[in-house]
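Read the structure below first, then the notes.
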Amino acid sequence: MTPFLTIVVLVLVAIAIWQMTKIFELSQIRTSNSQVASETDNKYNGYLMFAFLIFLYGITIFSFWKYTKVLLPEAASEHGGGYDSLMVISFVIIFIVQTLTQFLLHYFAFKYRGDRERKALFYADNDRLEFIWTIIPVIVLAGLILWGLYAWTNIMDINDEDDPLTVELYAQQFNWTARYAGNDNVLGDANVRMIDIDKANILGLDSSDPNAADDIIVKELHLPVGRKVNFKMRSQDVLHSAYMPHFRAQMNCVPGMITQFSFTPTITTEEMRQNPDVVDKVKRINGIRAEKASRGIDNTDPWEFDYILLCNKICGKSHYNMQMKIIVETEEEYNAWIASQQTFGKSMASAQ
Ligand SMILES: [Cu+2]
């Protein structure tokens, strides 16, 4: 990286010196007008405009070809499909508009390039044209904004209908902890001031609150497929953000308050591992890992796909590694797993 930056700096310095010499030359009083653009210069610049347009289109096609495969696989939550449609439609509209306007911009720059014979036409305004190019963006943008607001209201409508599972996501520098509400499905009161490391009360649960006794604290998030989950986010120290990209979910975790997000997972981890996009991605990454392993580089074991909870706010030096595994499984598997976990009441009793 450093050699690259050094080269960039050197090139920029060279350009600066070159420009300064040019300015100096131009400031000298001269009789010749060699600095005035000739017909050839104008033609040249006209064609360069076209060359730049081809470069833009080329880089667009290249990006599609090269980077489409790094996009997320299909959404694994109920609201995710609608969210993806909104984004795809926005991208398609932007793509069409940008392709056309770039063409027009560069084509006109070519067509009306400098020409001594031609005189500029004075054209004050045209009400009809102004109306057309104002009303079309207004309609399109209003449509997108209304659709976006509708999607947002739907996604952010967090309620207790359909018997949701209540789960707390607790963020701290630099890890996640999850807390299930237990049999009563009500989270016990908690406050960072009640954290007691000696008693392993790492989330500061209020042990006098009866709702807290059956709460279950874990380091791996298990979710039953098809069941709505209401997440309550807390942070111990700084701003974090609970980001679950495969479920198209993100919510900030703010110290001193509880934020919420809700979604219904629709695809189990096992099913997602069969998804062709995911199979492809795993194959690609394991190819890179195998190649690195053959060169004796550490941490290059084959990788297996898992859903993941990431922190999406730069919260400190180990932010990049603040993550928790999410496993979406069948109702039976989930019930078996949760039954094998220890409740807060029991762990407090054994710590006495
Ligand atoms: Cu964080």
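The values are calculated or read from the model by the stated rules, or taken from the named source; none is laboratory data. As the structure is a computational prediction, the values presented were derived from the model and not from experiment. Counting neighbours? That spans all protein chains shown, and the Cβs are built from the backbone with ideal geometry, glycine included. The area values use the complete protein model at the heavy-atom level, side chains included, leaving out ligands, DNA and RNA. Shrake-Rupley method; radii C 1.70, N 1.55, O 1.52, S 1.80 Å.
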Projecting each Cα onto the charge dipole of the chain (Lys/Arg +1, Asp/Glu -1 at the beta carbon, about the Cα centre), which of A16, Q173, M251 comes out farthest on the positive side? A16
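Rounded, prolate or oblate, given the Cα gyration tensor of the chain, with a/c below 1.5 counting as rounded?
Numbers: a/c = 2.54, a/b = 2.08, b/c = 1.22.
Judged from the Cα gyration tensor, the chain comes out prolate (a/c at least 1.5, a/b above b/c).
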Kindly sort K325, K43, K317 by accessible area of their heavy atoms, largest first, with the probe set to 1.4 Å. K317, K43, K325
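With the cut-off at 1.5 for a/c, could you classify region 183-340 from its C-alpha gyration tensor as rounded, prolate or oblate?
Working: a/c = 2.06, a/b = 1.53, b/c = 1.35.
Note, shape of region 183-340 comes out prolate.
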Stretch gain in nm, segment A51-A16, where the contour uses 0.36 nm per residue and the Cα spacing is subtracted: 10.1 nm
How far is it, in nm, from the label point at F110 to the one at V70 when both lie 7 Å from their Cα along the line to the Cβ? 3.2
Pairwise FRET efficiency - D184 versus T330, Cβ, R0 = 30 Å, nearest 0.05: 0.80
Have a look at M244, M156, M20 and tell me which one the Gaussian network model of the chain (Cα, springs below 10 Å) gives the largest fluctuation. M20
Zone residues, region 220-249, relative to I285, backbone N less than 14 Å from point 7 Å out along Cα-to-Cβ: 245-246
Which percentage, to the nearest 5, of the DSSP beta bridges contained in the chain is antiparallel? 70
Considering the chain as a Gaussian network with a 10 Å cut-off on Cα pairs, which listed residue, V138, V218, V278, attains the greatest mean-square fluctuation? V138
From the phi angles alone, apply the Karplus equation (6.51, -1.76, 1.60; θ = phi - 60°) to region 212-219 and give each ³J(HN,Hα) in whole Hz, x where the residue is Gly or Pro. 7, 4, 9, 5, 10, 9, 9, 10
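Using a ≥ b ≥ c from the Cα gyration tensor of region 1-155 (square roots of the eigenvalues), is it rounded, prolate or oblate, where a/c under 1.5 gives rounded and otherwise the larger of a/b and b/c decides, a/b for prolate?
Numbers: a/c = 2.89, a/b = 1.54, b/c = 1.87.
Taking the square roots of the gyration eigenvalues as a ≥ b ≥ c, region 1-155 is oblate.
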1/(1 + (r/R0)^6) with r = Cβ-Cβ of Q102 and S38, R0 = 25 Å, i.e. FRET efficiency to nearest 0.05, evaluates to 0.35
Name the residues of region 1-18 whose amide N is less than 16 Å from a point 7 angstrom out from the Cα of R295 along the C-beta direction? 1
How much accessible surface does E331 have with a 1.4 Å probe, in Å² rounded to 10? 80
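Return the FRET efficiency for the residue pair D157, L86: r is the Cβ-Cβ distance, R0 is 25 Å, and the value is rounded to the nearest 0.05. Could you put the intermediate results ahead of the total?
Working: r = 16 Å, r/R0 = 0.65.
Step by step, r from the Cβ atoms, then E = 0.95.
Want the number for I139 to V192: 0.36 nm per residue separation, take away the alpha-carbon distance, what's left? Walk me through the intermediate numbers first.
Details: separation 53, 0.36 × 53 = 19.08 nm, distance 4.89 nm.
Separation in residues times 0.36 nm, less the Cα-Cα distance, equals 14.2 nm.
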Radius 13 Å from Cβ of W133, net charge of other residues (Lys, Arg +1; Asp, Glu -1): -2
Would you work out which of G287, L239, N299 lies farthest towards the positive end of the dipole of region 203-316, given +1 charges on the beta-carbon of Lys and Arg and -1 on that of Asp and Glu, about the Cα centre? G287
Extension gain, L121 back to T6 (0.36 nm per residue minus Cα-Cα distance, nm): 36.6 nm
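Can you give the net charge of the other residues whose Cβ lies under 15 Å from the Cβ of N154, counting K and R as +1 and D and E as -1? Walk me through the numbers on the way to the answer.
Numbers: positive: K228, R248; negative: E78, D84, D157, E161, D162.
Around N154, the charge tally is -3.
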Convert each backbone phi in region 63-69 into a coupling constant with the Karplus relation 6.51 cos²θ - 1.76 cosθ + 1.60 (shift: θ = phi - 60°), then list the ³J(HN,Hα) values in order as whole Hz, x for Gly and Pro. 5, 4, 5, 7, 10, 4, 6
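Considering only protein heavy atoms, with the full assembly of protein chains and a 1.4 angstrom probe, order E78, E333, E117 by accessible area, largest first. Before the final figure, lay out each step's value.
Working: E78 130, E333 100, E117 165 Å².
In descending accessible area the options line up as E117, E78, E333.
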What residue among D189, D125, D162 shows peak mean-square fluctuation when the chain is described by a Gaussian network model with Cα springs under 10 Å? D125
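Could you sort out which of K228/K325; K232/K283; K219/K313; K228/K283; K219/K317 sit more than 29 Å apart by Cα distance in this structure?
Details: K228/K325 19 Å; K232/K283 35 Å; K219/K313 20 Å; K228/K283 32 Å; K219/K317 21 Å.
Those over the limit are K232/K283; K228/K283.
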